[in-house]
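Undergrad: Pasting a structure below so you can have a look.
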Amino acid sequence: MQEIDSVGDMAQIDPGATDAGRVHSTGSRTTTPRTSSPPAIELRSVTKTFVLESGEELTAVRDASLTVARGEFVCVVGPSGHGKSTLLNLIAGFIEPTNGEISVNGRPVEGPGPDRGVVFQRDTLFLWRRVAANISFGLEARGVPKPERKATVERYLKIVGLEDFAGAWPRQLSGGMRRRVAIAAVFANEPDVFLMDEPFVGLDYLRRAQLHKVLLDLWAEGGHRAVFMITHDVDEALALGDRILVVKDGRIVEDVAVALPRPRSTYMITSEEASAIRRRVVLHFGDLEIA
Amino acid sequence: MSAEAPSTGPDTQQSGQEGSVSTIQDDGTGPKRKAGRLHPLAILSFLTIIGGWQTASIVLGETVGFKRVPGFEDIFRAFIEYAGYWQGGLGAESTRTGAEPTNWGAALGLGHNTFVTMLRTIAGYTIGVVTGVGLGFLIAWSKVARGLLTFPAHLARMMPLLAMIPLFALWFGDSQLGVLTFIAFAVGILLFAITINAIGNVPLHYSQYARSLGASPIRTYARVVFPAAFPQLRGGLLLAVAFSWSAALAAEFLGQQVGLGHVLQSALYYASTDVVALTGLVVILFAAVTYLVANKTLIWLTRWAE
């Protein structure tokens, strides 16, 4: 694995804490939590190589090691096509690593499972199920009794502000509303880990801000389970994340703590402290000539 | 959170019809269309066909009591010939006993033969849909089924359907089973290929999403892959309606003693082109009705689709 840049201010997150005081400078390259329970996500020297139709090999993830503590909100940024989604797909169990090991809550990942809820970049709502039925899909699949299912669906519809749209078809909703349903459906299933692949792509600034609040409300509602979210927007990562990982050329090249208190305002994510993190992250993309 | 506008605009309204939970009511039409109004060019093309047919009838005329193209007056007069296809009863004697043909007997003859053909068509279509779609899903699901059935199924698809009629005649004789099997075969082979294609086009992320929510492979297939593929089956299911009528008529040539195919066979034997033409019009009418019913049903079943 490529060496991570200087991490003098890299922090270790105390799971469950929600304020800036929980961030401890360690001066260490490792981010292993100090809890006795296994981490929410653990990758040990994971490599994923695809064999193309031409017979050539393409290594999308190279020797990635990572620990995400329970309750931690990790944002992953990096250029397109550099392995972020492959990393997420590996954790989700959609693909198997060529080398290395992946575990979630101490259990090895062997295919997809309800312990890892995935919010995709693409619209995954089941168009043939109404909004409430979409949210209850996972609950039905896991055999949750109907009264409990109904109560859970109503609770999550309320959290995402769509209680009046329980009987609507997905096609009748706007893009932002569909995103809210997709996120609610995953959170209602109460997985241990949330994997999100650019869930707010294509939405305008205001809609994103609204959905950030929805996401954080759901995160709080779910007892602050671990979130692993891919985004192209560094400001989004600053607004949401406890940590920001930078993935480039299939390697995790940066792992920086975001020691900003919550809830975070626009002022906070434009503060000097946030700007320093932003600079540190975006410089990995190269010193681009903007104009 | 501020309200976001649902995407469908005019067809999205608040309603309190379902208990305390308001739902969106959607008429599913989007921009209003002028339903039921024919395009002027469609009327023109229809009139051209009518005019062309009648002109051909006049130009070609009659040769030794045989009209290659019967005029419309001949076609409507041919209605009485259906009395010969009534077995007797319900107040109309069979012409085979020497009774005079009557309009009532003709109506009963037409109704009976049409009813029998329609029943065969619907039954064969249903069996064909279940078999073809089922086989397609089975092959897409199971590696073993794929290995065992893909080659023979594609081989059967390549066979010229009409050339198979004698084979079915040899296998099944003039039995009902032969007719139903032939219609089901024609429909099933068509839908088998369409089903495999439809399943192949279901986005992978649907299955991944379902699995990540805890759905078993079987539940994912039944509750996600099947409904996701269904809109793509719609065209094939409609095409198969018309196909099943053709197959039914062709199958009734296999020595059936009742049915519109039998009527056609007898009419061709006696060179009664007027009866053939009238039977053709009846088939068009009923095929159109079944097509419209199937289309409305499928539109309702896929009312959720974008």
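Undergrad: Quick check on the protein assembly as shown: of the DSSP beta bridges with both residues there, what percent are antiparallel, nearest 5%? Intermediate values should be presented prior to the final figure.
TA: Working: 31 of 48 bridges.
Percent antiparallel among DSSP bridges in the protein assembly as shown is about 65.
Undergrad: While we're here: What are the radius of gyration and Dmax of the range B:155-228, computed over its Cα atoms and given in Å?
TA: 18.4, 54
Undergrad: Against the longest alpha carbon principal axis of chain B, how many degrees, from 0 to 90 and to the nearest 10, is the axis of helix B:260-269 turned?
TA: 30 degrees
Undergrad: Name the residues whose placed amide hydrogens come within less than 5 Å of the amide hydrogen of A:VAL119, ignoring near sequence neighbours (fewer than 5 apart) on the same chain.
TA: A:LEU195, A:MET196, A:ASP197
Undergrad: For labels at A:ARG122 and B:ALA163 in the simple 7 Å Cα→Cβ model, what's the distance in nm?
TA: 4.1 nm
Undergrad: Based on Cβ point charges of +1 for Lys and Arg and -1 for Asp and Glu, what charge dipole magnitude is obtained for the range A:196-274 about its Cα centre, in debye rounded to the nearest 20? Don't skip to the answer; put the middle values down first.
TA: Numbers: 9 positive and 14 negative charges, 40 e Å.
My answer is approximately 200 debye.
Undergrad: Please state the charge dipole magnitude for the range A:150-291, taken about the Cα centre, from unit charges on C-beta atoms (+1 on K and R, -1 on D and E), reported in debye and rounded to the nearest 20. Walk me through the numbers before you get to the answer.
TA: On the way: 19 positive and 21 negative charges, 79 e Å.
Result for the range A:150-291 is approximately 380 debye, rounded to the nearest 20.
Undergrad: The range B:242-287: D in µm²/s via Stokes-Einstein (Kirkwood Rh, Cα pairs, 37 °C, 0.692 mPa s)? Could the numbers behind the result be given before it?
TA: Working: Rh = 10.5 Å.
Roughly 313 µm²/s, to the nearest whole number.
Undergrad: Continuing with the same structure: Considering all alpha-carbon pairs of the protein assembly as shown, what whole percent are spaced by more than 49 angstrom?
TA: Values: 60873 of 177906 pairs.
So the pairs more than 49 Å apart make up 34 percent of the total in the protein assembly as shown.
Undergrad: What would the Debye formula give as log10 I(q)/I(0) at q = 0.13, 0.30 Å⁻¹ for the alpha-carbon point model of the range A:202-259, no solvent?
TA: Taking Cα atoms of the range A:202-259 as identical point scatterers yields -0.38, -1.30.
Undergrad: Just to confirm my numbers, what's the Cα centroid distance between the range B:181-238 and the range A:122-167 in Å?
TA: First find each Cα centre; the distance between them is then 24 Å.
Undergrad: Tell me the label-point distance for the pair A:ASP235, B:LEU204, using the 7 Å Cα-to-Cβ offset, in nm and rounded to one decimal.
TA: Roughly 3.4 nm, to one decimal.
Undergrad: Oh, and also: Between Rg and the Kirkwood Rh of the range A:226-291, both from Cα atoms, what is the Rg to Rh ratio? Don't skip to the end; give the middle numbers.
TA: On the way: Rg = 12.0 Å, Rh = 12.5 Å.
That ratio equals 0.96.
Undergrad: Within straight cross-link reach of A:LYS84, meaning Cα distance under 30 Å, which lysines are found once same-chain residues fewer than 8 apart are removed?
TA: A:LYS48, A:LYS213, A:LYS248
Undergrad: Next question, about the same structure. Between A:GLU57 and A:HIS284, how high is the FRET efficiency from 1/(1 + (r/R0)^6) when r is the Cβ-Cβ distance and R₀ = 25 Å? Nearest 0.05. Present the calculation step by step, with values, prior to reporting the outcome.
TA: Values: r = 25 Å, r/R0 = 0.99.
Working from the Cβ atoms, E equals 0.50.
Undergrad: With unit charges on the beta carbons (Lys and Arg positive, Asp and Glu negative) and the dipole taken about the Cα centre of the protein assembly as shown, which residue among B:ALA153, B:ALA229, B:LEU110 sits farthest to the positive side?
TA: B:LEU110
Undergrad: May I ask for the angle, rounded to the nearest 10°, between helix B:103-141 and the longest principal axis of chain B, with both axes built from Cα atoms and the value confined to 0 to 90°?
TA: The helix B:103-141 is inclined about 30 degrees to chain B.
Undergrad: Rank the residues B:TRP245, A:TRP219, B:TRP300 as a footprinting-exposure proxy: fewest other Cβ atoms within 10 Å of their Cβ go first.
TA: On the way: B:TRP245 25, A:TRP219 19, B:TRP300 9.
Going from sparsest to densest Cβ surroundings: B:TRP300, A:TRP219, B:TRP245.
Undergrad: Based on alpha-carbon atoms only, what is the radius of gyration of the range A:158-221 relative to the globular estimate 2.2 N^0.38 Å? Let's see the in-between values first.
TA: Working: Rg = 11.5 Å, N = 64, 2.2 N^0.38 = 10.7 Å.
So the Cα radius of gyration is 1.07 times the expected 2.2 N^0.38 Å.
Undergrad: Classify the range A:94-215 from the C-alpha gyration tensor, please: rounded if a/c falls under 1.5, else prolate or oblate depending on whether a/b exceeds b/c. Mind dumping the intermediate values first?
TA: Working: a/c = 2.05, a/b = 1.33, b/c = 1.54.
Verdict is oblate for the range A:94-215.
Undergrad: A further question on this structure: To the nearest 0.05, how large is the calculated FRET efficiency for B:ALA145 and A:ASN105 if R₀ is 41 Å and r is the Cβ-Cβ distance? If you can, show how the numbers build up before the last one.
TA: Numbers: r = 37 Å, r/R0 = 0.90.
So the FRET efficiency works out to roughly 0.65.
Undergrad: From the Cα gyration tensor of the range A:37-156, with a ≥ b ≥ c the square roots of its eigenvalues, which class applies: rounded if a/c is under 1.5, or else prolate if a/b is larger than b/c, or else oblate? Each step should come with its number before you reach the end.
TA: Values: a/c = 2.35, a/b = 1.68, b/c = 1.40.
It is prolate, given that a/c is not under 1.5 and a/b is the larger ratio.
No lab work stands behind these numbers, since they all come straight from the coordinates. This one's a predicted model, so the numbers in the text were calculated from it and none came from an experiment. Every residue, glycine among them, receives a Cβ derived from its backbone with ideal geometry; neighbour counts consider all protein chains shown.
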